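The values are calculated or read from the model by the stated rules, or taken from the named source; none is laboratory data. Quantities reported herein were computed from a predicted structural model and do not represent experimental measurements. As a convention, Cβ positions derive from the backbone with ideal geometry for all residues, glycine included, and neighbour counts pool all protein chains shown. Only protein heavy atoms, including side chains, enter the accessible area calculation; ligands, DNA and RNA are left aside. Shrake-Rupley method; radii C 1.70, N 1.55, O 1.52, S 1.80 Å.
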Amino acid sequence: MIGGRGGAGTGSGSENEGEADGESGVGTATATGTDTSTLTATDTDGPTFDTVDWTAYEDRRRLTRRELATACSLCLYVVLWAYDFSTRSSHEPLFGFGFGLSGVGLTPTNVDWLFGLTLLVGFWGVVVPLWANPRLTRYYWRRIRRNTVAVASLVFLAIVFVLGLVGPFVLGYPQAQWELGHVPPVGFGGTWAHPFGTTRNGEDLLAITVVGMRVSMQVGLVATAISIGLSTVVGTTAAFVGGRIDDVLMRVVDLVMTFPSFFLVLFLVYVYGGNLFVLILILAVTTWGGQARLIRSEALQRSTATYITAAEAAGASRWSIIRRHVVPNVSNTIITAATLSIPVLILYEAVVAFLGFGDPAVWSWGRIIADGQSELATAWWVSTIPGLFLFLTVLAFNFLGDALRDALDPRHEVDRPR
Amino acid sequence: MSTKSGMTRYVGWRLLWAVVATWFVLTVTFGILSASPNPETSQAAWEAAQSGGDPTETRAILEQRRGEGSSLSEQYVDYMVSMATFDWGESFTYNEPVTAVIADAWVYSAMTVIPATVLAVVLGFAIGLYSATHQYTKTDYAATFVAFFGISIPNFWFAIVLILVFGELLGLTPISYDSEVPFWSLAHLSSLILPITVLATAAIASEMRYARAEALEYVGAAWVKTARSKGLSELQVTVRHVFRPAMVPLITILIADFVGIIFATAYVVEVIFGIPGLGYVSYQALVRMDTPLVLATTLIPVFLTIVANLCQDVAYTMLDPRIDYEGRSR
């Protein structure tokens, strides 16, 4: 439902009211038979059948304000990237920042640009629709709130996310201070200057942990965004086009799933190198199979829904049915699958970095855990503290994903105590 | 009669599919290797440049030696033939044929993987069943929590923490594996405890979740009520009337999923503990850029997965009489 208008005429309010054409009409057509029947049942003040504006089904449909804003912001982003790409051949920063331990320049890498793009897409695809449908949002929130562990996970992840986003600019990137050597954490003989202690080279472990948060979030979110996008396109196309194309796509999925991802990732990293950008792409293309199958089966179940028949009868093209009716209605599955795939990808990146095949320029949690392994007897904190954060992050994503499945997917309600 | 022939046809299709998948994997691997800059060659060229030699010349010599002067299609046929005949090349780090290296190494992998698998299956199923029959009790919640723990904990970090606690602090177990220790001895066993624990944890967690979910489907079934009402003990009901129907899907989930989890974990565990199994060999090959050995050690798990998938699908058709083969033309 989160995907927006397809899900419910329910929230059709705030945004569409200004323009009486188009969207609200589609809203009613799609509202029938969606799985949030509780919501649609109460929605009596929406447009009724006789007020449906059939221009919605004509070829030239007007862009909504939201679509316009999305397109504009994406264009602006691409222009920014192009500017950065063309002008910044050397390593001079795009914007300079002079605070923190050392002057940290904001020199966005390819990964940073992709991360920004992911956040932008997430904003328009998840946050804005939730904001536009306050009643739906409150309904989901009530359901998630019942699960205390999930709420705690959400809070923890929000902290990790914000720290990872902002922290490196405040704390600075870890700098070697050779004269310091190993300093234990606070409470074990250390000082507040280095609350988590330092590594053999005197690098502050807190700064490393915070940078690691950024890396993990980037890997988890960007790779998931790519792989979930791929699997959504493949899954819904296979389900709705059917026939030969379905067969071929599903055989491709079978092949993708035949490879044990871990070994494929290792092999590809061996061949192409462990640069973080390349690693993210490798992770994304090796892990989309299972999600595609899930989304296809979910979309197949929707294909018999009356709102699809209605859209077909109204002459909507196949592609527009997929985009405007199918994808929004399987968005519950998509969101859940995405949340559960993030921790898997974070773990893959950490393992690759741990084995020493990662990006040597990136302070990944896996890399610092490997660094500390040889000195467990003298400096236990180097491996354990970043590892604890890795563990908690993965755990929180798993808890959250599970809670989201309970909250978003009514058919999983059998799992709840009655 | 028709079911029988339908089944044979299905198994035949499935077999053919496994062959196609194997061919596909080999072809993709060949494609990746020939399309990319060869790490070995670039390394040699870089070294030559470092020591003042001519990188292009070195590259040419190396490629000549590897037979890359010939056309791509010849290379492809060559590669496929040698793959099919188990002529997997020579490992330069071991100065032995790759197959010989693998023949030496697999025992060490089996030593940890087999006990861990047995443990995971027995414990995972037992806990999962108990959880399902005692749904929403304290034990069930605890078991669910343990499952989340096992799935979420990064296996390499778990191994390090175990080494820190049991090896460094308590001194109960050796910190790394020593292959000089006699095979049938207590010392050998104690050095295997931690690796097996790490391996089993991840696998138990996933087994448990599946077992619980599957068994829950049957806990409320009519025949379970019948069994209870005719006075069977809880244990008998669980084992004979819940576990047996749940076993069919469980076995099939087990094979493919399990192979993935346990192979990946075994790899990392062997590297951390220094057990000279397949994972360790593969790691060393990756670090030293020993391409033939890298290829073999990463392809073996892939082949095993393909075989496991095949076994799983065939087992499913034999175990579950309700499956209709006619509708499925794979």
For residue B:217, what accessible area in Å² do you get when you roll a 1.4 Å probe over the heavy atoms of the protein chains, rounding to the nearest 10?
-> 130 Å²
Partner chain Cβ atoms within 10 Å, averaged over the residues of A:377-388 - can you pull that number for me?
-> 3
Calculate the radius of gyration of the Cα atoms of segment B:66-115 to one decimal place, then report Dmax, the largest Cα-Cα distance, as a whole number, both in Å.
-> 14.9, 48
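If you average 1/r over every pair of different alpha-carbon atoms in segment A:93-418 and take one over that average, what Kirkwood value in Å do you get? Let's see the in-between values first.
Numbers: mean 1/r = 0.0462 Å⁻¹.
After inverting the pairwise mean of 1/r, the radius is 21.6 Å.
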Tell me, what is the FRET efficiency for residue B:316 and residue A:120 to the nearest 0.05, using R0 = 45 angstrom and their Cβ-Cβ distance as r?
-> 0.50
Top to bottom by accessible area (1.4 Å), largest first, where do B:157, B:17, B:184 land?
-> B:184, B:17, B:157
Beyond 24 Å, what share of the Cα-Cα pairs of segment B:97-287 is found? Please give it as a whole percent.
-> 47 percent
How much solvent-accessible surface does residue A:267 expose, in Å² to the nearest 10, with a 1.4 Å probe and all protein chains in place?
-> 10 Å²
Packing-based order for A:224-234, B:94-104, A:64-74, A:252-262, using average beta carbon neighbours within 10 Å, highest first = A:224-234, A:252-262, B:94-104, A:64-74
Between segment A:203-240 and segment B:238-312, the Cα center-to-center distance that results, in Å = 25 Å
For peptide B:26-33, the mean count of other chain Cβ atoms within 10 Å per residue Cβ is 2
Long-range amide H contacts for residue B:96: which residues qualify at under 5 Å (H placed 1.01 Å from N, peptide plane, sequence gap of 5 or more or a different chain)?
-> B:91
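When Lys and Arg each count +1 and Asp and Glu each count -1, what net charge do the other residues less than 12 Å away from residue B:283, Cβ to Cβ, add up to?
Here the charged neighbours net out to -1.
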Lys and Arg at +1, Asp and Glu at -1: neighbours of residue A:378 with Cβ under 14 Å from its Cβ sum to -2
Built amide H within the under 5 Å cut-off of residue A:198, gap 5+ | A:183, A:205
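Once R0 is set to 51 Å, what does the formula 1/(1 + (r/R0)^6) return for the Cβ-Cβ distance between residue A:83 and residue A:378, expressed as a FRET efficiency to the nearest 0.05?
Working from the Cβ atoms, E equals 0.55.
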Compute the separation of the alpha-carbon centres of segment B:113-146 and segment B:156-188 and state it in Å as a whole number.
-> 26 Å
Residue A:205: net charge of surrounding residues, Cβ under 14 Å, Lys/Arg +1, Asp/Glu -1, itself excluded?
-> -2
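Just by accessible area at a 1.4 angstrom probe, what is the order of B:74, B:180, B:168, A:298 from largest to smallest?
Of B:74, B:180, B:168, A:298, the descending order of accessible area is B:180, B:74, B:168, A:298.
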Where Rh denotes the Kirkwood radius from the mean inverse Cα pair distance, what is Rg over Rh for segment B:148-229?
-> 1.25
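Ignore the peptide's own chain and count Cβ atoms of other chains within 10 Å of each Cβ in B:277-286; give me the average, rounded. Each step should come with its number before you reach the end.
Working: counts 0, 0, 0, 0, 0, 4, 4, 0, 1, 7.
Other-chain Cβ atoms within 10 Å of each residue's Cβ, averaged: 2.
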Mean Cβ count within 10 Å, highest first, over the residues of peptides B:235-248, A:283-296, A:167-180 = A:283-296, B:235-248, A:167-180
Run the dipole for segment A:93-418 about the Cα centre, Lys and Arg Cβ at +1, Asp and Glu Cβ at -1, nothing else charged, and hand back the magnitude in debye, nearest 20.
-> 1320 debye
